[in-house]
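First the structure, in the form of structure tokens, and then the observations on it.
The values are calculated or read from the model by the stated rules, or taken from the named source; none is laboratory data. None of these values were measured; they are calculated from a predicted model. In this analysis, Cβ positions are derived from the backbone assuming ideal geometry, glycine residues included, and neighbour counts consider all displayed protein chains.
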Ligand code: 4G0
């Protein structure tokens with residue numbers, strides 16, 4: 001194994017996940033950016049299974065909802081014991097923020113990811129069934145977060161999304177080219193320009209000439225123009241929030257003129 005140590009003294013964020021499916025969650029530590037973050041000791045990952053904190057012979061973690069209705073609800077006590085174990089485990093974790101992943105939570109975005117990445121620790125609670133006893137949420141959850149307006153069969157995939165997004169923000173995790181790249185979306189607030197690689201001609205479609213011409217200033221302007229054009233077409237609300245430079249405004253003006261030209265034909 002090619003393990004690098006934490007000799008540059010970047011802080012390590014501890015993320016614990018409370019889940020009935022620990023192997024599913026730990027699979028994010030095995031490869032890619034999160035795997036690298038764990039190897040480089042920027043991220044430590046642990047899981048706590050509520051089933052291990054049950055006291056009955058059937059190891060029951062869920063029960064029928066009071067008031068009736070379909071489905072099951074996760075019981076408060078096994079979850080509380082699992083959360084407490086996570087918080088007691090190490091010093092970083094006792095100051096951890098306890099987060100519940102649910103469709104009712106605050107929407108995750110780049111800003112929230114950066115906030116989470118600055119914390120010493122996170123305990124992510126992944127629910128199953130129709131959710132969790134409200135009294136557990138009231139007493140033990142600091143923050144409820146949603147990764148988007150859709151329902152998953154469990155909070156595990158949402159927790160894994162949070163882990164991946166946070167790991168990318170930790171210092172010393174992304175390579176130089178990757179971190180430069182993320183400056184374009186997060187840093188400029190614009191969508192990415194299109195990318196091309198070999199071959200130069202593919203099924204009759206040519207790579208835009210400017211990209212093979214070697215003029216770096218022309219390439220920079222073309223890419224920025226494409227970013228502006230895409231953002232205007234696909235995410236106009238993002239463009240509205242930006243403070244545009246005179247160069248940005250000139251490029252948008254060019255886009256506007258080209259559009260008018262095309263509709264004249
Ligand atoms: C809590 C998060 C958790 C309540 C979790 C379901 C989507 C997200 C879960 C429910 C999740 C998300 C009420 C169905 C587990 N699905 N969008 N599923 N209910 O972040």
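Tabulated data
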quantity: Subset tally (residues that are within 15 Å of the chain's Cα centre (by Cα) and either within 7 Å of the ligand (Cβ to nearest atom) or buried (at least 19 other Cβ atoms within 10 Å of the Cβ) (or both)) for the stretch 150-164; calculated: 7
quantity: Residue 139 vs. criteria farther than 22 Å from residue 164 by Cβ and more than 12 Å from the ligand (Cβ to nearest atom); calculated: yes
quantity: Count of residues meeting criterion [within 28 Å of the chain's Cα centre (by Cα) and either over 23 Å from residue 246 (Cα atoms) or at pLDDT below 95 (or both)] in the stretch 195-236; calculated: 3
quantity: Residue count, the stretch 124-171 (criterion: assigned to a loop (DSSP other than H, G, I, E, B) and closer than 22 Å to residue 70 by Cβ); calculated: 13
quantity: Subset of the stretch 58-103 [assigned to a loop (DSSP other than H, G, I, E, B), within 18 Å of residue 20 (Cβ to Cβ) and more than 16 Å from the ligand (Cβ to nearest atom)]; calculated: 58, 59, 60
quantity: Any chance residue 133 is touching a helix residue (DSSP H, G or I) at 6+ places or on another chain (Cβ under 8 Å) and either within 15 Å of the ligand (Cβ to nearest atom) or at pLDDT 95 or above (or both); calculated: yes
quantity: Those residues of the stretch 117-130 which are within 16 Å of the ligand (Cβ to nearest atom) and free of Cβ contacts under 8 Å to residues at least 60 places away in the same chain, in sequence order; calculated: 127
quantity: Exclusive hit being part of a strand (DSSP E or B) and more than 20 Å from residue 20 (Cα to Cα), set 106, 41; calculated: 106
quantity: Unmet requirement for residue 9, which otherwise passes all of (1) assigned to a loop (DSSP other than H, G, I, E, B); (2) loosely packed, with under 14 Cβ neighbours inside 10 Å; (3) in contact (Cβ under 8 Å) with a residue 40 or more places away in the chain; calculated: (3)
quantity: Test for residue 52: is it part of a helix (DSSP H, G or I) and modelled with pLDDT of 95 or more; calculated: yes
quantity: Flag for residue 244 being surrounded by 11 or more Cβ atoms within 10 Å (Cβ to Cβ) and either in contact (Cβ under 8 Å) with a residue 40 or more places away in the chain or not in a loop (DSSP other than H, G, I, E, B) (or both); calculated: no
quantity: Test for residue 106: is it under 15 Å from the mean Cα position of the chain (by Cα), away from the ligand (no atom under 16 Å from the Cβ), at pLDDT 95 or above and surrounded by fewer than 17 Cβ atoms within 10 Å (Cβ to Cβ); calculated: no
